[in-house]
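A.B. asks: Got a structure for you, questions after.
Coordinate-derived values only; no laboratory data. Please read all numbers here as calculations on a predicted model, not as lab measurements. A quick note on method: Cβ atoms are made from the backbone with ideal geometry, for glycine too, and the neighbour counts reach across all protein chains shown.
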Amino acid sequence: MPGSSRPYIIGAFILGVILTGAWSNRPSKSRERKRQAERLAELEINGDIKEGIEGCIGRTPLIKIKSLSDATGCEILAKAEFLNGAGNSPKDRVAISIIELAEEQGLLIPHSGDTVYEGTVGSTGISLAAICRARGYKAHICMPDDVAIEKSDLLLKLGAEVERVRPAPIVDQKQFVNLARTRAVEHTADPEKKGRGLFADQFETDANWRAHFTGTGPEIFNQTAGYLDAFVAGAGTGGTISGVALYLKQRLPYLRVVLADPPGSGLYNRVKYGVMFDSKEREGTRRRHQVDTVVEGIGINRQTRNFEVGRALIDDAIRVNDDQAKAMARWLVEHDGIFVGSSSAVNCVAATKLANSLGPGHRIVTILCDSGARHLSKFWANTEPVGGAEDDVDLDDILNA
Ligand SMILES: Cc1ncc(COP(=O)(O)O)c(C=O)c1O
């Protein structure tokens, strides 16, 4: 070997060694996947990938409301149902149950033009509209025209058809629930329209309370290890309170189930005295609105299957007025940073009243239904400004407002 080429050969040899090392050290795809799996296992998040938006429904956290717990000496826990991932309310559970049942029965076929019709004050419609998009259906929502405008705006952004109609009693065929049923029938009968119409029927369908019987109820039982003294909730269709009561009372017969009811609703008297009556309903004093309150989503003046199925298990009812609800909504932001809508505020007033009457040492579970963002133009428009002044709202004043 000529002496002049020796440095090149040595150089090439060293380069070869370096490249071979680098090649054998490069992360192969399978080794990289293995490491990734090990890292996920270490973090205990393996398998925590949700199957679409429907996978984000249920298993909501149970939050201790610290301010109310400290003030009452009871543990006041709230199921954060606004964290359901599709429509951000407990109605996600109901909407997916209704849709999956209809699919099983062959009543809905994806991408065929099939359309789900519902009469709702908003939450159920928003859940249905989101899940319909994910499953290849259309949604058509009928709602009263006095409901907060952000709810119908949101429905439109989800691509739903929205009909806002004059509030009317249930005997009126133009009442929003009756109208939704009629529209579904009209769709199916119309040869010009693709697919069929399905009336979701949240007030009467067993899929509603069953969603809470198989979901919300067992979750509360597991999250509290069965240690709870009372469950408090308002009722719109009644699906939540009935489904949860039916599940929990089988296991905890001593549990107190208490209805939180807004002004103008007949459910308070239905629970207390067995009759559906509210003084605002007296002959000659009937108001234009079915339930005369700024609170949306709870309170009703007719018997529904979903309320009646669990009614016998409801031990008591607490009336909550609009001023109490508005002051509580503000209190929850001031003290806990929790920004919720009107029915959640009603639930928290009732839970606090119940805590005071039971005395310290009890554990009470209630529901936070939806975010205050759904109520900016109506319920929240009428509350006092939140100023961070923690001592300017007194809890006793709220309960006695
Ligand atoms: C915001 C909100 N909270 C509570 C409820 C009451 O739930 P349920 O219909 O299960 O009684 C509803 C019902 O529509 C609602 O929209």
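A.B. asks: Going by Cα centres, region 162-185 and region 95-144 are how many Å apart?
C.D. replies: A separation of 17 Å, based on Cα centres.
A.B. asks: May I ask for the Rg/Rh ratio of region 206-268, computed from Cα atoms with Rh as the Kirkwood radius, given to two decimals?
C.D. replies: Looking at region 206-268, the ratio lands at 0.98.
A.B. asks: Mind checking which aspartates and glutamates have their C-alpha under 20 Å from K50, skipping anything on the same chain fewer than 8 residues away?
C.D. replies: Correct list for K50: E38, E42, E81, D92, E100, E219.
A.B. asks: If you don't mind, another one. Which of these, A180, A312, A327, has the largest mean-square fluctuation under a Gaussian network model of the chain (Cα springs below 10 Å)?
C.D. replies: A312
A.B. asks: Follow-up. May I have the pair-distance distribution P(r) for region 90-199, computed from all Cα-Cα distances with 10 Å bins from 0 and rounded to whole percent?
C.D. replies: 16, 49, 31, 4
A.B. asks: Further question on the same structure: Ignoring everything except DSSP H segments at least 4 long, calculate the 222 nm mean residue ellipticity for the chain; use -39,500 (n - 2.57) per segment, divide by total residues, nearest 500.
C.D. replies: Value at 222 nm, helices only: -12500 deg cm²/dmol.
A.B. asks: What are the semi-axes of the equivalent ellipsoid of the chain, taken as the square roots of 5 times the eigenvalues of the Cα gyration tensor, listed largest first and rounded to whole Å?
C.D. replies: Semi-axis lengths for the chain are 49, 30, 20 Å.
A.B. asks: What nm distance separates the two modelled labels at D316 and K194, each placed 7 Å from Cα along Cα→Cβ?
C.D. replies: 5.6
A.B. asks: How long is the gain from K64 to S28 if the chain were fully straight, where each residue apart is worth 0.36 nm and the alpha carbon distance is subtracted?
C.D. replies: 8.3 nm
A.B. asks: Which entries of K79/K326; K151/K174; K174/K326; K64/K91 show an alpha-carbon separation above 24 angstrom in the structure shown?
C.D. replies: In this structure, K174/K326 exceed 24 Å between Cα atoms.
A.B. asks: Further question on the same structure: For the chain, what proportion of DSSP beta bridges, expressed in % and rounded to the nearest 5, is antiparallel?
C.D. replies: Around 10 percent antiparallel, to the nearest 5.
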